[in-house]
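Notes to accompany the following structure.
Bear in mind that the values in this text are calculations on the coordinates, not laboratory data. A quick note: this is a predicted structure, and the numbers were derived from the prediction, not measured. With ideal geometry, Cβ positions are generated from the backbone for all residues, glycine too; neighbour counts draw on all protein chains shown.
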Amino acid sequence: MAGTGQRVRIGVIGGGLMGRELAGTLGRWPVLVDHPAQPELSAVADIDPAARAWFERVPSVQHITEDWRALIDDPDLDVLYLAVPHHLHEEIATAAATAGRDLLCEKPFGIDLPAAQRIATAVNTGGGFVRIASEFPFFPGALTCHRLITAGTLGEVIEVRAGFAHSSDLDRGKPVNWKRRRATCGELGVMGDLGMHVAHLPLRLGWHPTTVYALIDDIVTSRPVRAGAPEHVACDTCDNALLVCQVPAASRQVPMVWETKRIAPGQMNTWWFEALGMAGGVRFSTRSPATMAQFIWRDGVQAWLEVQPGNVSAWPVTSGAIFEFGFADALLQMWASYLAERVGALGERFATASPAEALAAHTIFDAALRSARTGGPITTGGSTA
């Protein structure tokens, strides 16, 4: 039966894009089959009056405020969703975590590695259930890749590639915003903004790099203060980052490449993953969301099979497997995973990114920054592939 479960009241801190997306996600919640939670968006905090006004159209929202502390102190809220600019993550997340609140944080975990470490300490102290948002691995094609790899179909791993690219900054006339400023987005730049999406699945598979060599590119160094304005300001975060990593295996170092790009001509908003081994391989891209590819080698014949996994997601939906999957479905599945794991009902389904995985990603991206400064590989530590 759809739409049943224990009531969960959610408060959003940050009423921008992802806060609004949550309202739409929860509106589709009844399509999930027998989920143990029945969430509702109950409260919103944002300093922007226009952002607060948007949520007046959501019937379930009973409390709208400019003070995020009011949501942390509200005993009627069960879960908080943190969706604010990166420089605000540490103060708000540590306050919520120290108070023992259950929390889903937008990526990155903090504006830099030290901030992420302080947030993790607060999480460990407070004891709340905390996870980090990363929705793209919930596409059925990505989940199929994960299932085939964990089943051992690759054999000895040869190489791994993962990336997330879009062309949102291709227009040099696009006005500057907080994601293009180091003070609000951090030195990590595009790695902080997109990196958790790229890191989630490899880290879940246990592929932790021991060394990182990074090429980091700041392509557009200034942008107009507003559309059409002649006045420009510094745009001092990196636009693109290419990380060449080594993952220790039984007898060799496995190469793994991560790409995060804001300026990728031809890519509207593409997440991809590929892993190749001596016995098989898998490949998936959100540019072709209805299919994934599996490499097989049998009796001397090599072939890539086009597989349609269907809408077989982490949590079943009423429409079954016949309809195509999209971004809104990935958000729904991520939230379903988070809320199910929160009450111990996730089972063997794919889980949202953990604080440990977020810290591991931060360690890798911090090493990438140091690599870019020195022009050489940086040792990070890691585990066997």
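Summary table
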item: Kyte-Doolittle mean at least -0.5, axial Cα span of 18 Å or more - DSSP H helices of the chain; result: 113-126, 190-204, 327-342, 355-374
item: Shape of the range 287-385, Cα gyration tensor, a/c cut at 1.5; result: oblate
item: Label point 7 Å beyond Cα of S288 along Cβ direction - residues of the range 304-323 with amide nitrogen under 11 Å; result: 304-308
item: Those residues of the range 213-238 whose amide nitrogen sits under 20 Å from the label point placed on S167, 7 Å along Cα→Cβ; result: 217-221
item: Descending Cα extents along the principal axes, the range 6-132, whole Å; result: 38, 36, 24
item: For E66, net neighbour charge (Lys/Arg +1, Asp/Glu -1) across residues whose Cβ lies under 15 Å away; result: -4
item: Expected 222 nm ellipticity per residue - DSSP helices of 4 or more, -39500 (n - 2.57), all of the chain, to 500; result: -9000 deg cm²/dmol
item: Coarse-grained scattering of the chain at q = 0.09, 0.10, 0.12, 0.14 Å⁻¹, given as base-10 log I(q)/I(0) from a Debye sum over alpha-carbon atoms; result: -0.53, -0.66, -0.97, -1.31
item: Förster radius 30 Å - calculated FRET efficiency between I322 and Q38, Cβ distance, rounded to 0.05; result: 0.70
item: Distance between modelled label sites at E21 and D217, nm, 7 Å Cα→Cβ extension; result: 2.5
item: Förster radius 22 Å - calculated FRET efficiency between T379 and E156 (Cβ-Cβ, nearest 0.05); result: 0.40
